[in-house]
Amino acid sequence: MSVLRQNKTWEISESENDSDAEKVIDLAPDEKLDDSNRGACEVDCKDASETSSQTSRLSAPPPSGTRTPSPAKKRRSKEEIEADRERAKQRREDREKQREAKAKQKEERRQEIQRRKQAAETLKSLKPENCLKCLTVCIDPVLLQHEGADILLDTLCELDWRYRVDGQQIPHSITWTRELLQQVEAGQGLVEEEHVLQVLTLTDLLDVLISVKKMLDNEEDELEGGVLLRPLLECLNRDAKKEVTLLVMDSQAEFWSKAFVGYGLGETLQSIGVKYMDMEEGVANHVCAVTKALSKRPFKLLTDQVELPFCVDGSWASGVRVEKDGSGLKQVWSRQIQQLNRVSPAVAAAVTEAYPSPQLLLQAYQSLELEVMRKGLLAPLTVKTEDKERRVGPDISSRVYRCFTAQNPQLVLD
C-alpha cells in the first residue's frame, strides 16, 4: 500500500485584502496516486478550501482611507439657482449701501468737526486781545512834522501795536486796517476800518470852516472846496459809511473856538463835529482809545447776532401762561431747568417727571445726609429720546443741585 505524504502549509499575506491561504502539496517523486488516494486528496483539498473561506471571512475590515461612495446630489432647478443669485445680489447691494452710509456719516462728522474748528478759530480771532494783533494804525507822513508826533509813535511801540507811515487819501489823517486771517488765501485779507481821524492845526481848521460856510451859503460848489476839504468830501461821497473825526491841535483851541463863534462859525463847528486836543498827549490817547474800541467791535457784533447758549429756542421769552387751577406751572418748572447750559428739553422732562415742582426737589435734597448723595440725586434718572435712552449723569445733576442750593450769587455753575 502506498503512503501519501502531504504537506499542508498556509501563508497569510501581510495585506489585509489578500487573506486567502495557500495550500502546498508535496508528493514523493516515486509515488503515484491511485483512485482511493486521489479521493482522499480531494477531500483534504475541499477541507482546505473551506478553511481558506473561513479565514477570508475572519479577515480585518477595509482600511479607514477607503471612502464609501456618497449618494448622488439632487440637481437644483433653474428657479432655485436664480433665487440664490438674487439673494446673493441683494446681500452685496445691502453691504454696499452700508458702506456708503458709513462713508457718508464719516464725511458728515469730518465736516462737522471742521466747521466747529473753524468757528472756534473765528471766535478766538474776534476776541479783543487777538483783534489788536490784527489792527494796523496808518499814519499820514505829514503828521510826523507836528509837535508831539514822537509821543504817538512811542506809545504805539510800548503797547506793541502795529503801525505804518503811509500816504492817506485824506491829508493829515490816521486810518486803521484789519487783517482777516480767514480770507488771506482769497486775496481779501485786508480791510479798511470805517473810522477816520483827521488831525488839523488852527490854521487848517480855519480853512476848512471857511470852505464849509461858503458851501452852506451856496457860494461855492461842493467839489471846489479848500485843499483839505475837497479830499474829505470825495472820500465821503465814495463811501457814506465813513466816520470822520476832526482833531484840532492847539493849547488855546478853546479860546479860538469862541473866536470862531464870534465870527459866525459856531454852527459850522457843530455841524462837522470838531474836537480839541492837546498835541502832547491828547492825540496819542485818542488814537489808543479808538484802536481799543475797534478791537472790541467784531466780538460785540458777533454776540449781538448770535443767541446766547443758555436761552431756549422759541417764544420762551413771552413766558408760559399759568391758569388759576395751576396748569402751566410744570412747563414753567421745565423752562427754568432748561436755562442751565447743556440741559435739553428731554433732560428737563426727566427731572420734572420725577419731581413735579421745585419744592419737591428741595425736600428730596434735604432728606439726604451726605453732600455727595445730594449732588448725584438726579444722575440715575432716565432720559428718553426718539432713538435711545440714557441717564441724566453726574455732571448735570451736580449743576442742578448747585443752582438750587448755592448761597453765593457769583458762583459759576459751569
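Here are some notes:
Table: residues versus (1) modelled with pLDDT of 85 or more; (2) among the β-branched types (V, I, T); (3) in contact with a Phe, Trp or Tyr (Cβ under 9 Å, 6 or more places away or on another chain); (4) surrounded by fewer than 11 Cβ atoms within 10 Å (Cβ to Cβ).
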{"position": "R92", "(1), (2), (3), (4)": "yes, no, no, yes"}
{"position": "Q98", "(1), (2), (3), (4)": "yes, no, no, yes"}
{"position": "E121", "(1), (2), (3), (4)": "no, no, no, no"}
{"position": "P128", "(1), (2), (3), (4)": "yes, no, yes, no"}
{"position": "V142", "(1), (2), (3), (4)": "yes, yes, no, no"}
{"position": "T155", "(1), (2), (3), (4)": "yes, yes, yes, no"}
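- Note on segment 272-321: residues that are modelled with pLDDT of 55 or more and of a type in the set (G, A, S) total 6.
- The set of residues from segment 322-363 being modelled with pLDDT under 90, β-branched (V, I, T) and in contact with a Lys or Arg (Cβ under 9 Å, 6 or more places away or on another chain) comprises just one member, V343.
- Of all residues in segment 364-390, those satisfying the criterion of being touching a Ser or Thr at 6+ places or on another chain (Cβ under 9 Å), of a type outside the set (A, V, I, L, M) and either at pLDDT 90 or above or open to solvent by less than 100 Å² (accessible area, probe 1.4 Å) (or both) are Y365, R374, K375, G376, P380, T385, R390.
- When we screen L190, L135, L197 for residues that are under 26 Å from L302 (Cβ atoms), open to solvent by 100 Å² or more (accessible area, probe 1.4 Å) and touching a strand residue (DSSP E or B) at 6+ places or on another chain (Cβ under 8 Å), the only hit is L190.
The values are calculated or read from the model by the stated rules, or taken from the named source; none is laboratory data. Being a predicted model, the structure only gives us computed values, none of them experimental. Ideal geometry is used to build each Cβ from the backbone, glycine not excepted, and the neighbour counts take in all protein chains shown. For the accessible areas, the whole protein counts, side chains as well, though only heavy atoms, and no ligand, DNA or RNA atoms are used. Shrake-Rupley method; radii C 1.70, N 1.55, O 1.52, S 1.80 Å.
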